[in-house]
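As C-alpha cells, the structure follows; a few thoughts come after it.
The values are calculated or read from the model by the stated rules, or taken from the named source; none is laboratory data. These numbers were taken from a predicted model, which means no experiment stands behind them. Using ideal geometry, Cβ is built from the backbone for each residue, glycine included, and neighbour counts are taken over all protein chains shown. SASA here: full protein model, heavy atoms, side chains in, ligands and nucleic acids out. Shrake-Rupley method; radii C 1.70, N 1.55, O 1.52, S 1.80 Å.
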Amino acid sequence: FQINLMILFFKKKQTENKDKITLICSLLVHAAKIDENYTEKEKKIILSALAQLYNKNEDELIEVLAQAEKLEDQSNQILKFTKAVKDYDKKFRLKVLETIWKIIYSDGVSDIYESNLMRRLSSLLYISDRENGEIKKNLIVKLNLWRT
C-alpha cells in the first residue's frame, strides 16, 4: 500500500512538472507570436530552452511545444503562464527572460509590441528594469546587433 502511494506521488509530481513546463513553453510561444511572425528559428530556440528545462527526448519536447501552442492559442492573457515561472527561483526567471529576448532578437530587431511585453514580463516576474536591461544588452552584444 505504501509503495503504491509513493508511485502515485511521483507520477503526480511528474505531471505537475510537465504542466508547468507546458505553461512556461506557452509563454515562450506567446513571445514568439507577438510580432505575428512565428518562425522555425523561434521554434528551435524554444525547443532548445525546453531541452534545458525538461530532460526528455526530442519527440516528447515537440509534443510539449505542440501542447503549448494550443494552450497559447486558447489563452487571452499571460498571467497563467507567468505564474508557472514565478514558482521557480530568480536565476530561473532570469533565464526565461533571456530566452525570450533570444526569441525576440531572432529576427534582428525588437518592435514596440515585443518591448512592451518584456517590460510587462519583467514586472510580473519580479525582475528589475535594470536586470532586464542587462540581459537585453548582453544578448545584443553577443549577437553583434549594436546599431551605430
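Our coupling estimate for the stretch 95-108, obtained by passing each phi through the Karplus curve with A = 6.51, B = -1.76, C = 1.60 and θ = phi - 60°, is 5, 5, 4, 4, 4, 5, 4, 4, 4, 4, 8, 5, 9, x Hz, Gly and Pro reported as x. Comparing GLU63, GLU98, GLU40 in a Gaussian network model of the chain where C-alpha atoms under 10 Å apart are linked, the largest mean-square fluctuation is found at GLU40.
Packing, taken as the mean count of other beta carbons within 10 Å per residue, orders the peptides 136-142, 30-36, 74-80 from highest to lowest as 30-36, 136-142, 74-80. Derived scalar couplings between HN and Hα for the stretch 52-57 equal 6, 7, 9, 7, 9, 6 Hz in order, rounded to whole Hz, by the Karplus curve 6.51 cos²θ - 1.76 cosθ + 1.60 (θ = phi - 60°), x for Gly and Pro.
With semi-axes defined as the square roots of five times the eigenvalues of the C-alpha gyration tensor, the equivalent ellipsoid of the chain measures 29, 16, 14 Å, largest first.
On a per residue basis, the stretch 10-148 carries 60 Å² of accessible surface, using protein heavy atoms and a 1.4 Å probe. Across the chain, Cα pairs under 8 Å and at least six residues apart give a relative contact order of 28 percent. Each residue of the stretch 28-43 was assigned a 3J(HN,Hα) from its phi angle through the Karplus curve 6.51 cos²θ - 1.76 cosθ + 1.60 (θ = phi - 60°); the sequence is 5, 5, 4, 4, 5, 8, 5, 8, 6, 9, 8, 9, 4, 4, 5, 4 Hz, with glycine and proline shown as x. Rounded to the nearest percent, how much of the accessible area of the chain (1.4 Å probe, protein heavy atoms only) is carbon and sulfur? Carbon and sulfur together cover 53 percent of it. With a Cα-only, solvent-free Debye model of the stretch 64-138, what are the log10 I(q)/I(0) values at q = 0.27 Å⁻¹? Each listed q maps to, in turn, -1.42.
At 1.4 Å probe size, put TYR88, TYR126 in order of accessible surface, largest to smallest. Show your work: numbers first, answer last.
Numbers: TYR88 60, TYR126 155 Å².
The ranking, largest first, comes out as TYR126, TYR88.
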